[in-house]
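The values are calculated or read from the model by the stated rules, or taken from the named source; none is laboratory data. In this text, all values refer to a predicted model and were calculated from it rather than measured experimentally. We place every Cβ from the backbone using ideal geometry, glycine too, and count neighbours over all the protein chains shown. The area values use the complete protein model at the heavy-atom level, side chains included, leaving out ligands, DNA and RNA. Shrake-Rupley method; radii C 1.70, N 1.55, O 1.52, S 1.80 Å.
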Amino acid sequence: MSSLQGKNIVLGVCGSIAAYKSALLVRLLIHEGASVRVIMTPDATEFITPLTLATLSKQPVLVDYFDPKTGEWSNHVQIGLDADLIVIAPASANTLAKMANGLCDNLLAAVYLSAKCPVYFAPAMDLDMWKHPATKRNISLLQSYGNQIIPPGNGELASGLSGEGRLAEPEEIIAFLQQQSSEQNEGDKPFSGLKALVTAGPTYEAIDPVRFIGNHSSGKMGYAVAKRLRDLGAMVTLVSGPSHEIVPEGVDLIKVQSAAEMLAACQDHFQSSDIVVMSAAVADYTPNEYVDQKIKKIEDSFSLPLKRTTDILATLGQQKTDQQTLVGFALETNDELANAKSKLARKNLDFIVLNSTNDAGAGFSTDTNHITIIERDGQEHRYELKSKDAVASDICEHVLAHRHSL
Ligand code: CTP
């Protein structure tokens, strides 16, 4: 039986030439046994008629909040609540921008804002619009709300140009939705019922009211891991130093500044956590003492006495039980494998994720990472350069394998 059988699906259709493909998409969804309610934006009706989509979906198509002739009102909140999933295909740059920013000047945008179900969007636009930083930012925002992109294809575009931005083919959209909706069943998620603790970002060690010792960590890797663990069903607590990353929806954030605060937050949550991934770049040293007034420049030279911070990961490693999975990171400049292996043993980890500064595209602030995972028995898994989201998936695969071995 299709995983879409019996599902209440809202199909949002936006003003894009690719709207013609939504006719086939409706037919395929109906073939899968889904009930399809089409909502079009006013612009979409210029590209394909509501009559076509109403006939294929066997239900009236909705465009406006109400019918001016009869006064019949389309209750957007109820439509959003009744939906098992919403798919917006084609999703225009304009509608994506509205969704990302919470605008609701048409019925489709209002239904989106009211919905509690999974939302998928299949962008369709010209390649320059697709590449624009505003579009990229809107897509990242939508992903941070837990909405999922059905990636566009590459090929001939309506403008005559060729490139990325073409609506995914209806068959691909169906395959994507089928796969997702079979994973959706909460009980099917591999980490469902498990608690996860993730650290991310740098720590700031205050010197005086205006100065601190910090580092360039962006938090991107830890936030990506938190998001992936959430997607796999875990209840995630993210302990983060200062970061500009968007907190994934459904993840509990604890904001900290210093290594000492990060340690305290981790201690509060460690015992109840099944999975712990420590990706924060914690300061190894902190000023001996905090000066509560701004330090004035008086002498020609100045030295600042520092003391060691507590190694949070090693502390948790000592407390770890056999039922917990503990993962650390190592950022190395030389003797990478030997150093990472020694950290793995010293801190009592289940596996360690090695980043080498010698690899282009790896490390702080980049969107990509190049990692090697080293296991307790010495096995090494070296990965290609990938997006941090894809690296987070690889790390979670290893966590899953470790959970199976318990
Ligand atoms: N870590 C931590 N607490 C610290 C320092 C590091 O929890 N005070 C964690 C990091 O989150 C990371 C791992 O330890 O998962 C590796 O950190 P790193 O600074 O590379 O290792 P160190 O053991 O501090 O060794 P060194 O600085 O000598 O490379």
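The gain in end-to-end length when the residue 116 to residue 59 segment is fully stretched comes to 18.3 nm, 0.36 nm per residue minus the alpha carbon separation. Can you tell me the FRET efficiency between residue 385 and residue 319 if r is taken as the Cβ-Cβ distance and R0 is 25 Å, rounded to the nearest 0.05? Calculated transfer efficiency: 0.10.
Farthest toward the positive end of the dipole of the chain, out of 49, 233, 96, is the Cα of 233, where the dipole comes from beta carbon charges about the Cα centre. Shown here: the chain, whose C-alpha atoms stretch 80, 54, 40 Å along the first, second and third principal axes, sorted largest to smallest. Report note on the peptides 168-176, 128-136: ranked by the mean count of other C-beta atoms within 10 Å, highest first, their order is 168-176, 128-136. Only protein atoms count toward the accessible area here, which uses a 1.4 Å probe; on the stretch 8-184, the carbon and sulfur part of that area reaches 55 percent. Taking a virtual spin label 7 Å from the Cα of residue 172 along the C-beta vector, which residues in the stretch 116-148 bring their backbone nitrogen under 13 Å of it? Answer for this model: 122-125.
Accessible area per residue for the chain in Å², computed with a 1.4 Å probe and the full protein assembly in place, what is it?
Values: 19890 Å² over 406 residues.
Heavy-atom SASA per residue in the chain reads 49 Å².
Dimensions of the stretch 8-184 from C-alpha coordinates, computed as largest minus smallest value along each principal axis and given longest first, are 44, 36, 33 Å.
Below 8 Å between Cα atoms, with a sequence gap of 6+, how large is the relative contact order for the stretch 66-155 in percent? Don't skip to the end; give the middle numbers.
Values: 117 pairs, mean separation 28.5, N = 90.
Reported relative contact order: 32 percent.
For the stretch 124-132, the Karplus equation 6.51 cos²θ - 1.76 cosθ + 1.60, evaluated at θ = phi - 60°, returns couplings of 9, 6, 6, 5, 6, 5, 4, 7, 4 Hz by residue, with Gly and Pro reported as x.
Label zone (residue 367, point 7 Å along Cα-to-C-beta; backbone nitrogen cut-off 12 Å) within the stretch 318-336: none.
Each helix, a run of at least 4 DSSP H residues, gives -39500 (n - 2.57); summed and divided by the residues of the chain, these come to -10000 deg cm²/dmol at 222 nm. With R₀ set to 41 Å, the beta-carbon distance separating residue 215 from residue 401 gives a calculated FRET efficiency near 0.85. Considering only alpha-carbon pairs that sit under 8 angstrom and 6 or more positions apart, the relative contact order computed for the chain is 11 percent.
P(r) tail for the stretch 1-100, what percent of Cα pairs lie past 23 Å?
Values: 1117 of 4950 pairs.
The proportion of pairs with Cα distances above 23 Å equals 23 percent.
I'd like the carbon and sulfur percentage of the solvent accessible area for the stretch 187-405, probe radius 1.4 Å, heavy atoms only, ligands and nucleic acids excluded.
Numbers: 5260 of 11130 Å².
The C+S portion of the solvent-accessible surface of the stretch 187-405 is 47 percent.
About the centre of its Cα atoms, the chain shows a dipole size close to 360 debye [charges on the beta carbon of Lys, Arg (+1) and Asp, Glu (-1) only; nearest 20 debye].
Only the Cβ atoms of Lys and Arg (+1) and of Asp and Glu (-1) were treated as charged; on that basis the dipole of the stretch 8-184 about its Cα centre amounts to roughly 200 debye.
Along the axis of the charge dipole computed for the stretch 8-184 (Cβ charges of +1 for Lys and Arg, -1 for Asp and Glu, origin at the Cα centre), the listed residues 61, 114, 158 are led at the positive end by 114. Taking 161, 25, 344 in turn, the Gaussian network model of the chain (Cα-Cα springs below 10 Å) assigns the largest fluctuation to 161. Take every Cα pair under 8 Å whose residues are at least 6 apart in sequence, average their separation, divide by the length of the stretch 8-184, and the relative contact order is 22 percent. In a reduced charge model with +1 at each Lys and Arg Cβ and -1 at each Asp and Glu Cβ, the stretch 187-405 shows a dipole moment near 220 debye about its Cα centre.
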